[in-house]
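The values are calculated or read from the model by the stated rules, or taken from the named source; none is laboratory data. What you see is a predicted model; the values in this text were computed from it and never measured. Cβ placement follows ideal geometry from the backbone for every residue including glycine, while neighbour counts extend to all protein chains displayed.
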């Protein structure tokens, strides 16, 4: 499966103002953990079509990731109406990803 393109990084204020359910996915294409998580994320997104998915390239100088204290990839931050409700780091099982979506 080809990687999903990265989105332009929104500001933290823009994220905090978002309404509804949002998945912020932080990582990079070269990350093997990120690659392994893609099928898990894709499967969950099929079952949660109303969740807005924003895939963000993270790394040095990326302010949004730092504002969420992202240190490992992939970092899945689940946000509802601008508030973080769940976080999943380096998921390896579908259950882990599904628990994040369930919190929305």
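When you scan segment 2-15, do you find a residue that is at positive phi, at pLDDT below 95 and out of contact with any helix residue (DSSP H, G or I) (no Cβ under 8 Å at 6 or more places or on another chain), even just one? Scanning segment 2-15 turns up no residue that is at positive phi, at pLDDT below 95 and out of contact with any helix residue (DSSP H, G or I) (no Cβ under 8 Å at 6 or more places or on another chain). Taking the condition of being touching a helix residue (DSSP H, G or I) at 6+ places or on another chain (Cβ under 9 Å), closer than 14 Å to residue 25 by Cβ and part of a helix (DSSP H, G or I), how many residues in segment 53-100 meet it? Count: 4.
Of all residues in segment 40-56, those being surrounded by fewer than 18 Cβ atoms within 10 Å (Cβ to Cβ) and over 13 Å from residue 21 (Cα atoms) number 4.
Taking the residues in segment 78-88 that are surrounded by 19 or more Cβ atoms within 10 Å (Cβ to Cβ) and over 17 Å from residue 36 (Cα atoms) as candidates, determine which candidate is farthest from the chain's Cα centre (by Cα). Ranking the qualifying residues of segment 78-88, first place goes to 79.
The number of residues in segment 8-26 that are surrounded by 14 or more Cβ atoms within 10 Å (Cβ to Cβ) and either assigned to a loop (DSSP other than H, G, I, E, B) or touching a strand residue (DSSP E or B) at 6+ places or on another chain (Cβ under 7 Å) (or both) comes to 10. With respect to (1) without any contact (Cβ under 8 Å) to a residue 40 or more places away in the chain; (2) more than 18 Å from residue 99 (Cα to Cα), the lone exception for residue 39 is condition (2).
Of everything listed in (1) more than 15 Å from residue 89 (Cβ to Cβ); (2) touching a residue at least 40 places away in the same chain (Cβ under 8 Å); (3) out of contact with any strand residue (DSSP E or B) (no Cβ under 6 Å at 6 or more places or on another chain), the single unmet condition for residue 30 is (2). For segment 33-47, the condition holds for no residue, the condition being that it is assigned to a loop (DSSP other than H, G, I, E, B) and either at pLDDT below 95 or touching a helix residue (DSSP H, G or I) at 6+ places or on another chain (Cβ under 8 Å) (or both).
Does residue 91 meet the test of being at pLDDT 95 or above and either touching a strand residue (DSSP E or B) at 6+ places or on another chain (Cβ under 9 Å) or surrounded by fewer than 13 Cβ atoms within 10 Å (Cβ to Cβ) (or both)? The answer is yes for residue 91.
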